[in-house]
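A.B. asks: Right, I'll just put the structure down here and ask away after.
Coordinate-derived values only; no laboratory data. Computed from a predicted model, the values in this text were never measured in an experiment. All Cβ positions, glycine included, derive from the backbone under ideal geometry; neighbour counts span all protein chains shown.
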Amino acid sequence: MVVAVTKENRTERLVARVSPRDKETIERAAEMEGRSLAAFAVEHLLAKAREVIEERTLIRLNEEETRRFVEILNAPPRKPTKEMLGALELYRKTVTSDVNQPAK
């Protein structure tokens, strides 16, 4: 695992209550890695946080899914449904943006 080291000031505190058994387990693991409990906890929390963020922000497709996705993107547009046109009209009536400004 590659860990990026930053020169950021460590000014924030993170506190967690754990059972004595959990603390003992974490301390044992930290000792096995030759690190302090705090260094061990921070590194592993950051690694898990990055993993969760990646899982929730990246879309991974296998070969078949990729092929299907590209087919859909390349397909000619379908005629809008009545519901789609109604949603567009509601959007234009209720949302103000630089995209749907009335012509001057």
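A.B. asks: If a residue must be surrounded by 12 or more Cβ atoms within 10 Å (Cβ to Cβ) and not β-branched (Val, Ile, Thr), how many such residues does region 11-32 contain?
C.D. replies: Total satisfying the criteria: 5.
A.B. asks: Return the residues of region 88-104 that are part of a loop (DSSP other than H, G, I, E, B) and of a type outside the set (Lys, Arg); say none if nothing qualifies.
C.D. replies: Val95, Thr96, Ser97, Asp98, Val99, Asn100, Gln101, Pro102, Ala103
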